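Colleague: Sharing a structure, written as structure tokens. Questions coming.
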Amino acid sequence: MIDFLYGAAALLLLLTGLGLARMMWGPAPADRMMAAQLLGTGGGAIALLIATASGITAIIDIALVLALLAAFAAVALTLGEPGTKQPDGQANP
Amino acid sequence: MILVDMFTMAAVGAGMFFFLAGTVGLLRFPDTLSRLHALTKADNLGFGFIVLGLLPQSPDVLSGLKLVVVWLLVQLAAATAGQLIAQFVGLERRRDPAA
Amino acid sequence: MTLLPDLALVLLILTAAVWTVAVRDRRDAVIGFIVVGLLLSLAWVRLNAVDVALTEAAIGGGATGLLLLRACARLVPRPAESVLPHPAMWILTGLLCSVIAAGLAAIVVMPVEPPATLAPEAAANMGELGLGNPVTVVLLAYRALDTLLEKVVLVLALIGVWTLTPEQFWGGAPASLRAQQSSGALRLLAQVLPPVGVVIGVYLVWNGADHPGGTFQGGTVLAAMWLLVMMADLREPPEIRLHTLRLLVILGPVVFLVAGFAGFWIANGFLSYPPAFAKPIIVIVEAALALSIAVILGMLVAGPAARAPR
Amino acid sequence: MIGTATVYGLCASGLVAIGLYGLVLHPTPLRKVIAFNLLGSGTFVLFGVAARRGGAAGFLADPVPQAMVITGIVVAFASTALAVALLLRLQETGASSIETTPPEQQDNGAS
């Protein structure tokens, strides 16, 4: 069972790692952010698998923090670029 | 005991399958919004199945509870991030229709 | 255990790092840096450093990414950005960096025997204090002076940021953090997530006494929740002249100092605790520190005042 | 025989080199800040390797380097924030050698 869980974690790392190709290809910033997003949730799942396999339950807390902040980068992306118009017509400082 | 382990293997395996589908979709789908669709599948179903599979293996009630909380948080984050990224794509397209 | 997963993880980290440095667009570079941070937190798990992994997940994946993306949103790109140094410079720098990497790698491959460790000293401290997390023991008892000075550094950094306020805006509020486009989804997230996040932050601080976690991790999570509320435009950043805000900023270091000086007459010297009360004192200090860290990190991201006080 | 710690030690050396390269060669300050953070992460991982090797007295890893790294990560964040604030102020005052930004780069609520 433990070997299975470690194996699953390794495979998951490989899968989410393949997602990094999308980060490099892009082409839009949104595509790159999606790769980061996949890595955030994939990393959480990997942490859960390792936590269960190793019996160190504290690792679950890492998944907790990763899940809590998973949407954070996507929110920060919407802060925009300088010189773009805001909805109320003012230029973004 | 064996039954529980089999359940875990099946559920984690199903979770891996959805992560695989999500990654393949993220890499192979032709445009940004359909890639986003693939991603949210991995987030929701893949993560959900893995948590479901790990639940019977959790050593105490608190750990199990935390697993469920993690899953709920990922649900919320995936849904919101999906929305926000889609809005961001729309915003970029309006600014620069060529992109 | 085979080393293959570790090798794969290392390869991913290095690929993402190279891409971060090599990519043209600076916002893409920030995304690359966030990815490196996420991967590194997994690496810390493999290095058996769960406390550090928590910190890296909270700061590397969350707070630094937000700070840098916000910088991208406010800094106008300059035309000089496309000017690159001469190719001979690249090659020379590349060679020099490879030499440094090779030197570090040589140190890593040929380790000292037996490995240097201070773990037994830390363990000796642990028995006296009644805490279960060795890293917290080191942070708040064995090397408490370092932690205290680090808090002072945080306060100094915030003062440094605040001194960059233009004359006419002194005392006012930092620039708004609101997103480019108001969004129902974001507002929902900022209403649902903070209650859960605050519970998790407090849990990390409380749990930090005996298990991985602690003031930094909890404080960062609290700061992240506050920033989320500000980004969703539910709250504006507070004016920096507010006395409550300034009190909260120095609360942690002051409580830590008071506990430290109290050590002179209730125990045997600066920053030493009487064994009977060590745990309650440390928990109180941790709570105050976490609150201060949350406020300081939030205000560091918000930046100097950008509008006149009302 | 190469152990887990060694693998991550090599990773750390690579990170330091990559970060240093970017720090030296990138012309823009913001990219330098990012590269500097990569360099810092590499240094932290080196500490982590030392911690993992120093696992003794019943610990999986030496807690002292771990505590130093946690302190380091937080200080690195604070200095990054200060650097970003300095860059923004530099832009506002237009004090850089290349003046391309209009001087009124201030917040909406300024008026």
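The values are calculated or read from the model by the stated rules, or taken from the named source; none is laboratory data. Since the structure is predicted, the reported quantities are computational estimates derived from the model, not experimental observations. Note that we place each Cβ from the backbone using ideal geometry, even for glycine, and neighbour counts take in every protein chain shown.
Colleague: Which of the helices (runs of 4 or more DSSP H) contained wholly in region C:1-65 include at least 3 residues that are within 22 Å of residue A:30 (Cβ to Cβ), more than 7 Å from chain D (Cβ to nearest Cβ) and at pLDDT 90 or above?
Modeller: C:4-22, C:26-46
The rows are residues; the columns are (1) touching a helix residue (DSSP H, G or I) at 6+ places or on another chain (Cβ under 6 Å); (2) at the interface with another protein chain (Cβ under 9 Å from one of its Cβ atoms); (3) surrounded by fewer than 19 Cβ atoms within 10 Å (Cβ to Cβ).
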| position | (1), (2), (3) |
| --- | --- |
| C:202 | no, no, yes |
| C:205 | yes, no, no |
| C:217 | yes, yes, no |
| C:221 | yes, yes, no |
| C:235 | yes, no, yes |
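Colleague: Which of the residues that make up region B:2-40 are of a type in the set (Val, Ile, Thr) and under 14 Å from the mean Cα position of the chain (by Cα)?
Modeller: Within region B:2-40, B:12, B:23, B:24, B:40 meet the criteria.
Colleague: In addition: For region B:8-46, name all the residues that are basic (Lys, Arg) and farther than 18 Å from residue B:83 by Cβ.
Modeller: Within region B:8-46, B:28 is the sole residue that qualifies.
Colleague: Condition first: part of a helix (DSSP H, G or I) and either more than 7 Å from chain C (Cβ to nearest Cβ) or of a type in the set (D, E, K, R) (or both). Now tell me which residues in region D:60-95 satisfy that.
Modeller: Correct list: D:65, D:68, D:72, D:76, D:83, D:89, D:90, D:92, D:93.
Colleague: Among the numbered criteria (1) at pLDDT 80 or above; (2) under 20 Å from residue D:43 (Cβ atoms), which one does residue C:90 miss?
Modeller: Status for residue C:90: all satisfied but (2).
Colleague: So how many residues does region B:59-81 have that are within 10 Å of chain C (Cβ to nearest Cβ), among the hydrophobic types (A, V, I, L, M, F, W, C), farther than 22 Å from residue A:33 by Cβ and crowded, with 16+ Cβ neighbours inside 10 Å?
Modeller: Qualifying residue count for the region: 1.
Colleague: May I ask you to list the residues in region A:16-29 that are at the interface with chain C (Cβ under 10 Å from one of its Cβ atoms) and assigned to a helix (DSSP H, G or I)?
Modeller: Within region A:16-29, A:16, A:17, A:18, A:20, A:21, A:23, A:24, A:29 qualify.
Colleague: Being in contact with a helix residue (DSSP H, G or I) (Cβ under 9 Å, 6 or more places away or on another chain) and at the interface with chain A (Cβ under 10 Å from one of its Cβ atoms) is the filter here; which residues of region B:31-47 pass it?
Modeller: B:32, B:33, B:35, B:36, B:38, B:39, B:40, B:42, B:43, B:44, B:46, B:47
Colleague: Which is buried (at least 17 other Cβ atoms within 10 Å of the Cβ), in contact with a Ser or Thr (Cβ under 9 Å, 6 or more places away or on another chain) and either facing chain C (nearest Cβ under 9 Å) or assigned to a helix (DSSP H, G or I) (or both), of A:13, A:38?
Modeller: Just a single option satisfies the conditions, and that option is A:38.
Colleague: Do you know which residues across region D:80-111 are among the small types (Gly, Ala, Ser) and either touching a Gly at 6+ places or on another chain (Cβ under 9 Å) or modelled with pLDDT under 90 (or both)?
Modeller: Within region D:80-111, D:81, D:85, D:94, D:95, D:96, D:97, D:109, D:110, D:111 meet the criteria.
Colleague: Next question. Find the residue count for region B:42-99, including only residues that are out of contact with any Pro (no Cβ under 8 Å at 6 or more places or on another chain), over 17 Å from residue B:12 (Cα atoms) and of a type outside the set (Gly, Ala, Ser).
Modeller: 23
Colleague: Going through region C:152-161 one residue at a time, which ones are at the interface with chain D (Cβ under 9 Å from one of its Cβ atoms) and in contact (Cβ under 8 Å) with a residue 24 or more places away in the chain?
Modeller: Passing the criteria: C:154, C:157, C:158, C:161.
Colleague: Taking the stated definitions as given, is residue C:270 aromatic (Phe, Trp, Tyr), touching a helix residue (DSSP H, G or I) at 6+ places or on another chain (Cβ under 6 Å), at pLDDT 80 or above and under 20 Å from residue C:149 (Cβ atoms)?
Modeller: Taking the combined requirement at face value, the residue does not satisfy it.
Colleague: Within region C:55-77, take every residue that is in contact with a Lys or Arg (Cβ under 8 Å, 6 or more places away or on another chain) and more than 16 Å from residue D:78 (Cα to Cα) and give me the one that is surrounded by the fewest Cβ atoms within 10 Å (Cβ to Cβ).
Modeller: C:77
Colleague: Now a separate question. Select from region D:3-49 the residues that are at the interface with chain C (Cβ under 7 Å from one of its Cβ atoms) and outside any helix (DSSP H, G or I) and write down the one among them that is nearest to residue D:84 (Cα to Cα).
Modeller: Here the residue is D:28.
Colleague: So, of the residues in region C:245-278 that are of a type in the set (A, V, I, L, M) and assigned to a loop (DSSP other than H, G, I, E, B), which turns out to be surrounded by the fewest Cβ atoms within 10 Å (Cβ to Cβ)?
Modeller: C:276
Colleague: With respect to residue C:30, determine if the residue is out of contact with any strand residue (DSSP E or B) (no Cβ under 8 Å at 6 or more places or on another chain) and either touching a residue at least 24 places away in the same chain (Cβ under 8 Å) or under 20 Å from residue D:9 (Cα atoms) (or both).
Modeller: Taking the combined requirement at face value, the residue satisfies it.
Colleague: Name the residue, out of C:149, C:164, C:188, that is closer than 30 Å to residue B:94 by Cβ, more than 9 Å from chain A (Cβ to nearest Cβ) and surrounded by fewer than 22 Cβ atoms within 10 Å (Cβ to Cβ).
Modeller: Unique residue meeting the criteria: C:188.
Colleague: With the requirement that a residue be more than 7 Å from chain D (Cβ to nearest Cβ) and either assigned to a loop (DSSP other than H, G, I, E, B) or modelled with pLDDT of 80 or more (or both), what does region C:73-83 give you?
Modeller: Once the filter is applied, which keeps residues that are more than 7 Å from chain D (Cβ to nearest Cβ) and either assigned to a loop (DSSP other than H, G, I, E, B) or modelled with pLDDT of 80 or more (or both), region C:73-83 yields C:73, C:77.
Colleague: On to the next question. What number of residues within region B:52-74 satisfy the criterion of being farther than 17 Å from residue A:2 by Cα and outside any helix (DSSP H, G or I)?
Modeller: Total meeting the criteria: 1.
Colleague: Here is a further query. What single numbered condition from (1) of a type outside the set (A, V, I, L, M, F, W, C); (2) under 28 Å from residue C:229 (Cβ atoms); (3) more than 9 Å from chain D (Cβ to nearest Cβ) fails to hold for residue C:86?
Modeller: For residue C:86, the failing item is (2).
Colleague: If I go through region C:279-303 residue by residue, how many of them are within 19 Å of the chain's Cα centre (by Cα) and surrounded by 23 or more Cβ atoms within 10 Å (Cβ to Cβ)?
Modeller: 16
Colleague: Now for a different question. Restricting attention to region B:82-99, and to residues there that are within 26 Å of residue C:62 (Cβ to Cβ), free of Cβ contacts under 8 Å to residues at least 24 places away in the same chain and not aromatic (Phe, Trp, Tyr), which single residue is surrounded by the most Cβ atoms within 10 Å (Cβ to Cβ)?
Modeller: Looking at the filtered set, the residue picked out is B:84.
Colleague: Related question: How about region C:143-177: which of its residues are on the phi < 0 side of the Ramachandran plot, assigned to a loop (DSSP other than H, G, I, E, B) and not hydroxyl-bearing (Ser, Thr, Tyr)?
Modeller: Within region C:143-177, C:143, C:164, C:166, C:170, C:172, C:173, C:175, C:177 qualify.
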